[in-house]
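A.B. asks: Below you will find the structure I want to go over with you.
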């Protein structure tokens, strides 16, 4: 394409952005053609608005499930972004020339289907064929090996980001792209896609010439890799029919973390915030600005975190960085030089000492902003509207923040909206949680018994925006989408615990219609044969709904009969459920604890029925002994089992006639609850001491496996209290016993203890 001006760039290159503007100033083109999906041109009017602040991205997504997405991100120093701004500032026409997003989405969908098909074929084949394709090294790995810096990132920075003028960058980037293109080895699909893309881009350029624009007045901004491919002009070249998936696109805020290669973004760089410093230095005509600012920020961040970092250390680090750059054959320090200097002078030789400051300075926490009225889906508009109305917009940060809510009505508030602000916030955050939007995570409250308190950890990520867009297919608002998701979770679901969780979600979201639908599904499922542990999980979810019912302004009338029904069934089948092996016993133990906590929380659940079920299980000797021990512990905790009854049970369970693993397993279950009460019962420890003395060596080893597990998570304070009991029983000083119990084992003893894990139980 003779006469056309091609400017090869890297997609996140501050020098590329800076020198491209110089190049455009020099050429004064009538048309600028940019490598970007051609159907994205309608976003330009919003991209150039004063209120738009990078980083941001154009997101395209399919209009049918499964939702496929592609992202085209921009930073302040993206050459494409600066080219768009230059065209707007100089009233110059621009065009985008890459394949339309609907074709990219179709190709992506086909690639995913092919990968899934290949994976399924491999799973079905008994003798999958070995991959005999020769694995050639990646071109960038070759560059890493050849470069004196042992890193293509550092090579690019030292060679191109530090260019002295636009001509040097222009020629260097084009040459770099041509060489990478020559050396690159692509698989067949990517090679075909690249050829298709370049054919489409050439057609856009040729159409511009046909429209009467002189080739000399056209500047083409493209990845350096594509420059040689776009220069080859085929006169009769025609685009084939392209696959398409109906799609929409929108602008969205982005973050520096998502721009970094650490997030998995293939066209990113390792240090987007550092590259912004390079951009600022170029704009200020200060080539050492990035090094000076980087080291100053490291020291500033360390001081904020309470670590010492003096100005003298920063000055020495700047000098060392310049010296290191000269040793590597450069004039201006690269990121590698600057970081090495920071470790040496500020971290005093330890990277760990400055690692947090490095992450903040190199990657950063910047988030872009979109102006009101920018092209968005209706659910995005609803999300940002509610974020503002609920005063949550300050939490839209990449730094995690704690948010504590008081769901009670504020009687001092001037309006009903203000009085119920935290409750409305809770509804909103729960709806986002149901949608899988990782903007807020529910954290355990320190006030576990306070049904009016909620604790959240709030953090914005670019993935939140993507999930929002994907949720547009479920509803036009956050509430409608969450209701759709709850209905989808319930439809065809056979697991009653999952349905109960959907009921709980609906009530937490404050959505009565969705709650009614989920409750109806729960009523139908409650008539089926349900495992004990599923009954417990369901009861626990329903109990939460009822406990929070009043504070959440929810009518729980329909739930109470279901909870009663499940409760009676649990009492009836608990004994049978406790006939199980040790692997299953943990789930049953969790279920017993859940049901016990639910029964204690609600007066309408008859206490006698549950206590009878616990007593039956505690005194039976044909059940899993760990579960019998747990039931005994609960009876003790609820003051139903007396000391004499405990002593009798101990004498039965911990006797020479009972196999050691069964006796120790029972004690393990007993130790699961109310440890302080158990420790205070001296008779219990006397019985345990007598029991262990009666065992022979093999029986002792067998018992020790279970007892070791029983005491594994006892605190040091609890162990001290046990030591005092044992000291009294043995006639020894309690402190001396505690010192022995808490001492570190020698190597031989530790090996002997570890060997217990492989003890043969003749099973």
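A.B. asks: Name every residue in region 390-421 that is farther than 21 Å from residue 467 by Cα and free of Cβ contacts under 8 Å to residues at least 24 places away in the same chain, in order of residue number.
C.D. replies: If the condition is that a residue be farther than 21 Å from residue 467 by Cα and free of Cβ contacts under 8 Å to residues at least 24 places away in the same chain, then 409, 410, 411, 412, 413, 414, 415, 416, 417, 418, 419, 420 are the ones that fit.
A.B. asks: Counting only residues that are part of a strand (DSSP E or B) and within 25 Å of residue 283 (Cβ to Cβ), which one in region 1-32 is nearest to the chain's Cα centre (by Cα)?
C.D. replies: Out of the qualifying residues, it is 9.
A.B. asks: Go through (1) surrounded by fewer than 18 Cβ atoms within 10 Å (Cβ to Cβ); (2) touching a strand residue (DSSP E or B) at 6+ places or on another chain (Cβ under 9 Å); (3) part of a loop (DSSP other than H, G, I, E, B) one by one and return the number of the condition residue 476 breaks.
C.D. replies: So the condition that residue 476 fails would be (2).
A.B. asks: Looking at (1) under 20 Å from the mean Cα position of the chain (by Cα); (2) surrounded by 19 or more Cβ atoms within 10 Å (Cβ to Cβ); (3) closer than 22 Å to residue 515 by Cβ, find the lone condition where residue 462 falls short.
C.D. replies: Unmet for residue 462, out of (1) under 20 Å from the mean Cα position of the chain (by Cα); (2) surrounded by 19 or more Cβ atoms within 10 Å (Cβ to Cβ); (3) closer than 22 Å to residue 515 by Cβ: (3).
A.B. asks: Now for a different question. Taking only region 339-370 into account, find how many residues are touching a residue at least 60 places away in the same chain (Cβ under 8 Å) and either under 16 Å from residue 297 (Cα atoms) or over 27 Å from the mean Cα position of the chain (by Cα) (or both).
C.D. replies: Qualifying residue count, region 339-370: 9.
A.B. asks: OK, next. Residues that are in the same structural domain as residue 66 (by TED's automatic domain parsing), more than 25 Å from residue 78 (Cβ to Cβ) and surrounded by 15 or more Cβ atoms within 10 Å (Cβ to Cβ): does region 221-237 have at least one? Reasoning before the result, please.
C.D. replies: Residues of region 221-237 in the same structural domain as residue 66 (by TED's automatic domain parsing): 221-237.
With more than 25 Å from residue 78 (Cβ to Cβ) added as a condition, the list becomes 232-237.
Now narrow it down to the ones that are surrounded by 15 or more Cβ atoms within 10 Å (Cβ to Cβ): none.
Looking through region 221-237, none of the residues is in the same structural domain as residue 66 (by TED's automatic domain parsing), more than 25 Å from residue 78 (Cβ to Cβ) and surrounded by 15 or more Cβ atoms within 10 Å (Cβ to Cβ).
A.B. asks: State which residue pairs qualify: first residue assigned by TED's automatic domain parsing to the domain that holds residue 508 and within 10 Å of residue 504 (Cα to Cα) and inside region 530-551, second residue at pLDDT 90 or above and not in a helix (DSSP H, G or I) in any location, beta carbons under 7 Å apart, and separation of 6 or more residues or different chains.
C.D. replies: Pairs found: 543/602; 546/602.
The rows are residues; the columns are (1) at pLDDT 85 or above; (2) assigned to a helix (DSSP H, G or I).
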{"residue": "102", "(1), (2)": "yes, yes"}
{"residue": "111", "(1), (2)": "no, yes"}
{"residue": "119", "(1), (2)": "no, yes"}
{"residue": "129", "(1), (2)": "no, no"}
{"residue": "133", "(1), (2)": "no, no"}
{"residue": "136", "(1), (2)": "no, no"}
{"residue": "142", "(1), (2)": "no, yes"}
{"residue": "177", "(1), (2)": "yes, yes"}
{"residue": "181", "(1), (2)": "no, yes"}
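A.B. asks: Is it true that some residue in region 36-47 is under 27 Å from residue 233 (Cα atoms) and out of contact with any strand residue (DSSP E or B) (no Cβ under 6 Å at 6 or more places or on another chain)?
C.D. replies: yes
A.B. asks: Hey, any hits in region 86-104 for a residue that's closer than 30 Å to residue 156 by Cα and under 28 Å from the mean Cα position of the chain (by Cα)?
C.D. replies: Scanning region 86-104 turns up at least one residue that is closer than 30 Å to residue 156 by Cα and under 28 Å from the mean Cα position of the chain (by Cα).
A.B. asks: Let me ask something else. What's the number of the condition residue 702 fails, among (1) at pLDDT below 80; (2) assigned to a helix (DSSP H, G or I); (3) surrounded by fewer than 21 Cβ atoms within 10 Å (Cβ to Cβ)?
C.D. replies: (3)
A.B. asks: Within region 442-450, is there a residue that is more than 23 Å from residue 71 (Cβ to Cβ) and assigned to a strand (DSSP E or B)?
C.D. replies: Looking for residues that are more than 23 Å from residue 71 (Cβ to Cβ) and assigned to a strand (DSSP E or B), one finds at least one in region 442-450, hence yes.
A.B. asks: Among the numbered criteria (1) within 29 Å of residue 694 (Cβ to Cβ); (2) assigned by TED's automatic domain parsing to the domain that holds residue 536, which single criterion is violated by residue 622?
C.D. replies: Failing condition for residue 622: (2).
A.B. asks: Here is a further query. Take region 644-660 and flag every residue that is modelled with pLDDT under 80 and either under 21 Å from residue 610 (Cα atoms) or crowded, with 20+ Cβ neighbours inside 10 Å (or both).
C.D. replies: 650, 653, 654, 660
A.B. asks: Something else: Identify, from the list 387, 320, the residue that is outside the structural domain of residue 47 (by TED's automatic domain parsing), in a helix (DSSP H, G or I) and within 25 Å of the chain's Cα centre (by Cα).
C.D. replies: The match here is 387.
A.B. asks: If you don't mind, another one. What tally of residues in region 410-430 results from selecting those that are surrounded by 11 or more Cβ atoms within 10 Å (Cβ to Cβ) and modelled with pLDDT under 80?
C.D. replies: Matching residues across region 410-430 total 1.
A.B. asks: Now, a different point. Going by the conditions given, is residue 57 over 17 Å from residue 218 (Cα atoms), touching a residue at least 60 places away in the same chain (Cβ under 8 Å) and either assigned to a loop (DSSP other than H, G, I, E, B) or within 33 Å of the chain's Cα centre (by Cα) (or both)?
C.D. replies: Numbers: over 17 Å from residue 218 (Cα atoms): yes; touching a residue at least 60 places away in the same chain (Cβ under 8 Å): yes; either assigned to a loop (DSSP other than H, G, I, E, B) or within 33 Å of the chain's Cα centre (by Cα) (or both): yes.
When the stated conditions are applied, residue 57 passes them.
A.B. asks: More than 21 Å from residue 165 (Cα to Cα) and out of contact with any helix residue (DSSP H, G or I) (no Cβ under 6 Å at 6 or more places or on another chain): is that true of residue 319 in this structure?
C.D. replies: Yes, satisfied.
A.B. asks: Between 413, 455, 481, which is outside any helix (DSSP H, G or I) and farther than 30 Å from residue 364 by Cα?
C.D. replies: 413
A.B. asks: Another one. Restricting region 641-687 to residues that are part of a loop (DSSP other than H, G, I, E, B) and in contact with a helix residue (DSSP H, G or I) (Cβ under 6 Å, 6 or more places away or on another chain), which is farthest from residue 590 (Cα to Cα)?
C.D. replies: Step one: of region 641-687, the residues part of a loop (DSSP other than H, G, I, E, B) are 641-642, 654-659, 671-674, 681.
Checking which are in contact with a helix residue (DSSP H, G or I) (Cβ under 6 Å, 6 or more places away or on another chain) leaves us with 641, 654, 656, 671-674.
Working: 641: 21, 654: 24, 656: 30, 671: 14, 672: 11, 673: 12, 674: 15 Å.
My answer is 656.
A.B. asks: Just a yes or no: is a residue in region 529-539 at positive phi and surrounded by fewer than 19 Cβ atoms within 10 Å (Cβ to Cβ)?
C.D. replies: no
A.B. asks: Restricting attention to region 61-78, report how many residues are closer than 17 Å to residue 380 by Cα and in a loop (DSSP other than H, G, I, E, B).
C.D. replies: Number of matching residues: 2.
A.B. asks: Scan region 79-97 for residues that are touching a helix residue (DSSP H, G or I) at 6+ places or on another chain (Cβ under 6 Å) and outside any helix (DSSP H, G or I) and jot them down.
C.D. replies: 94, 96, 97
A.B. asks: So if I check each of 329, 373, 347, which one is farther than 16 Å from residue 290 by Cβ, buried (at least 18 other Cβ atoms within 10 Å of the Cβ) and not assigned by TED's automatic domain parsing to the domain that holds residue 151? Before the answer, list the steps.
C.D. replies: Numbers: 329 fails: buried (at least 18 other Cβ atoms within 10 Å of the Cβ); 373 fails: buried (at least 18 other Cβ atoms within 10 Å of the Cβ).
Within the list 329, 373, 347, the selection yields 347.
The values are calculated or read from the model by the stated rules, or taken from the named source; none is laboratory data. Keep in mind it's a predicted model, so treat the numbers as computed, not measured. Heads up, the Cβs are rebuilt from the backbone with ideal geometry, glycines too, and the neighbour counts pull from every protein chain shown.
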